[in-house]
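Peer 1: Would you mind keeping the following structure in view while I ask a few things?
What follows is calculated from the coordinates using simple rules that are stated; it is not laboratory data. Here the structure is a predicted model, which is why all the values come from computation and not from measurement. Positions of Cβ are generated from backbone atoms using ideal geometry, with glycine treated the same way; all protein chains shown enter the neighbour counts.
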Amino acid sequence: MSRPEPLVDGHGRRIADVRISVTDRCNFRCQYCMPADGLPWLERDQVLSFEEIARLVGVLARIGVHDVRLTGGEPLVRRDFPRLAAMLAAIDEVRDLSLTTNGYLLERDAGALVAAGIDRFNVSVDSLQRDRFFEMTRRDALPQVLRGLEVLAGFPEAHPIKVNAVGLRGFTEDEVLPFARFAREHPYEVRFIEFMPLDADRAWDLAKVLTGEEIRAAIHAVHPLEPAPREPGATARVYHFADGRGKIGFINPVSDPFCADCDRIRLTAEGKLRTCLFSLHETDLRAPLRAGADDAELERLIRTAVWRKELKHRVNEPGFRRPARTMSQIGG
Ligand code: SAM
Ligand code: SF4
């Protein structure tokens, strides 16, 4: 059989990574993501079934989208989630299967997720102090999340484990050095992500973004850092502590966008293909899937959408328009 043409966009970028939201629901209400009362959830029949997700991943993986990240909402609130992970891990062309989670259910699920074949884990933690964690997530859940991380860390196959914190001016400054110590003392790579205009409360403004460079400089002043080489398509700028004890990374989509070699697309929980976090257009794959489209037809729809992938996001430009969907409705 001839090798299929790789998936490329109209700017010559090869697409190799898909982020899939498996649910729009969540058990947390992080200030920078969801409103306190939650959002109107999708009806169950609007959400792609495991079989539908696996079908789309199969089509994507055969055209070179070998990296699959599962996210949400909170993926672990989807019933029987490890079964989906196992179905995707069984697809030959899927080379890297990863998960982004708030960690609340990791104590329960870590073993099942590792057994299902998840290779890499990102756990979101915004504060290492219980009361401030509560303030940010609106859930008093830090001890539960830290226990989940410990259970996960007990599985050698789960490493390296990444711990992600959103950088918010007026909040994260006090977290920076504790997180640096955390990264030095535990087998976790801590990464700071700049706050993006995708919060449901629409409170984002540029002044609230604590930049990766500010955080890096504050850490470097106390614990000197040395840059690690950047891999193409990588979202994070990674640094080693100069004394060799651990790593820390910065994802700077606002102050230092990495669109030029972006290799990612996204699939929402109800089957819309998005070519950028900030896309204003999306392509419905659920309707054709449910109407009986064959793989060739699905591939054609995907290629057409990807060809129009945005050159870059325009967060820093005048006239920037936020997408109607927020982070938990897209899948971060
Ligand atoms: N619920 C899971 C979690 O929190 O890890 C997965 C979904 S969550 C939407 C994925 C990531 O997006 C998390 O690391 C979260 O901190 C991040 N995030 C959410 N809203 C954001 C925003 N407005 N700006 C930057 N990152 C955001
Ligand atoms: Fe839920 Fe993750 Fe959004 Fe927090 S960031 S509200 S954990 S989806």
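Peer 1: For residues in the range 124-140 being assigned to a loop (DSSP other than H, G, I, E, B) and within 9 Å of ligand 2 (Cβ to nearest atom), which is farthest from G103 (Cα to Cα)?
Peer 2: R138
Peer 1: Which one is farthest from ligand 2 (Cβ to nearest atom) among residues in the range 162-176 that are of a type outside the set (D, E) and part of a helix (DSSP H, G or I)?
Peer 2: V176
Peer 1: Still on this structure, please answer the following. When only residues in the range 12-34 that are on the phi < 0 side of the Ramachandran plot and among the small types (G, A, S) count, which is surrounded by the fewest Cβ atoms within 10 Å (Cβ to Cβ)?
Peer 2: A16
Peer 1: Let me ask you something else. Yes or no: G111 more than 23 Å from A158 (Cβ to Cβ), more than 15 Å from ligand 1 (Cβ to nearest atom) and either within 14 Å of the chain's Cα centre (by Cα) or in a helix (DSSP H, G or I) (or both)?
Peer 2: Against the criterion (more than 23 Å from A158 (Cβ to Cβ), more than 15 Å from ligand 1 (Cβ to nearest atom) and either within 14 Å of the chain's Cα centre (by Cα) or in a helix (DSSP H, G or I) (or both)), G111 does not qualify.
Peer 1: Moving on to the next point. Does any residue of the range 199-212 turn out to be away from ligand 1 (no atom under 13 Å from the Cβ), out of contact with any helix residue (DSSP H, G or I) (no Cβ under 7 Å at 6 or more places or on another chain) and not aromatic (F, W, Y)?
Peer 2: yes
Peer 1: Applying the selection to the range 1-30, what residues are closer than 20 Å to R300 by Cβ and of a type in the set (D, E, K, R)?
Peer 2: R3, E5, D9, R13, R14
Peer 1: OK, next. Counting only residues that are loosely packed, with under 15 Cβ neighbours inside 10 Å and away from ligand 2 (no atom under 16 Å from the Cβ), give me the helices (runs of 4 or more DSSP H) lying completely in the range 215-332 with at least 2 of them.
Peer 2: 286-290, 295-307
Peer 1: Further question: Among the residues of the range 27-59, what is the count of those that are under 30 Å from F133 (Cα atoms) and in contact with a helix residue (DSSP H, G or I) (Cβ under 6 Å, 6 or more places away or on another chain)?
Peer 2: Residues that pass the stated criteria total 6.
Peer 1: Considering only the range 168-191, I want to know if a residue exists there that is over 25 Å from F241 (Cβ atoms), buried (at least 17 other Cβ atoms within 10 Å of the Cβ) and of a type in the set (A, V, I, L, M).
Peer 2: Scanning the range 168-191, I find no residue that is over 25 Å from F241 (Cβ atoms), buried (at least 17 other Cβ atoms within 10 Å of the Cβ) and of a type in the set (A, V, I, L, M), so the answer is no.
Peer 1: So V145 clears everything in (1) buried (at least 17 other Cβ atoms within 10 Å of the Cβ); (2) farther than 20 Å from F250 by Cα; (3) touching a Cys at 6+ places or on another chain (Cβ under 8 Å) except one condition, right? Which one?
Peer 2: (3)
Peer 1: What single numbered condition from (1) surrounded by fewer than 23 Cβ atoms within 10 Å (Cβ to Cβ); (2) more than 16 Å from ligand 2 (Cβ to nearest atom); (3) in a loop (DSSP other than H, G, I, E, B) fails to hold for D37?
Peer 2: (2)
Peer 1: Between a first residue in the range 288-312 that is more than 20 Å from G10 (Cα to Cα) and a second residue that is part of a helix (DSSP H, G or I) and β-branched (V, I, T), which pairs have beta carbons less than 8 Å apart while being 6 or more apart in sequence or on different chains?
Peer 2: Within 8 Å, the pairs are D295/V59.
Peer 1: If you go through the range 86-105, how many residues are within 19 Å of E150 (Cβ to Cβ) and either in contact with a strand residue (DSSP E or B) (Cβ under 7 Å, 6 or more places away or on another chain) or surrounded by fewer than 17 Cβ atoms within 10 Å (Cβ to Cβ) (or both)?
Peer 2: 5
Peer 1: Among the residues of the range 1-34, count how many are assigned to a strand (DSSP E or B), within 27 Å of D201 (Cα to Cα) and of a type outside the set (K, R).
Peer 2: Count: 3.
Peer 1: So, one more: Which of the residues belonging to the range 1-57 are aromatic (F, W, Y) and within 16 Å of ligand 1 (Cβ to nearest atom)?
Peer 2: Within the range 1-57, F28, Y32, W41 qualify.
Peer 1: Hey, any hits in the range 89-101 for a residue that's part of a loop (DSSP other than H, G, I, E, B), away from ligand 1 (no atom under 14 Å from the Cβ), out of contact with any helix residue (DSSP H, G or I) (no Cβ under 9 Å at 6 or more places or on another chain) and within 27 Å of R216 (Cβ to Cβ)?
Peer 2: no
Peer 1: Can you find a residue that is within 19 Å of T268 (Cβ to Cβ), within 12 Å of ligand 2 (Cβ to nearest atom) and surrounded by fewer than 17 Cβ atoms within 10 Å (Cβ to Cβ) anywhere in the range 50-58?
Peer 2: No, every residue in the range 50-58 fails to be within 19 Å of T268 (Cβ to Cβ), within 12 Å of ligand 2 (Cβ to nearest atom) and surrounded by fewer than 17 Cβ atoms within 10 Å (Cβ to Cβ).
Peer 1: For the range 126-143, check the following and say yes or no: at least one residue is in contact with a strand residue (DSSP E or B) (Cβ under 6 Å, 6 or more places away or on another chain) and of a type in the set (A, V, I, L, M, F, W, C).
Peer 2: no
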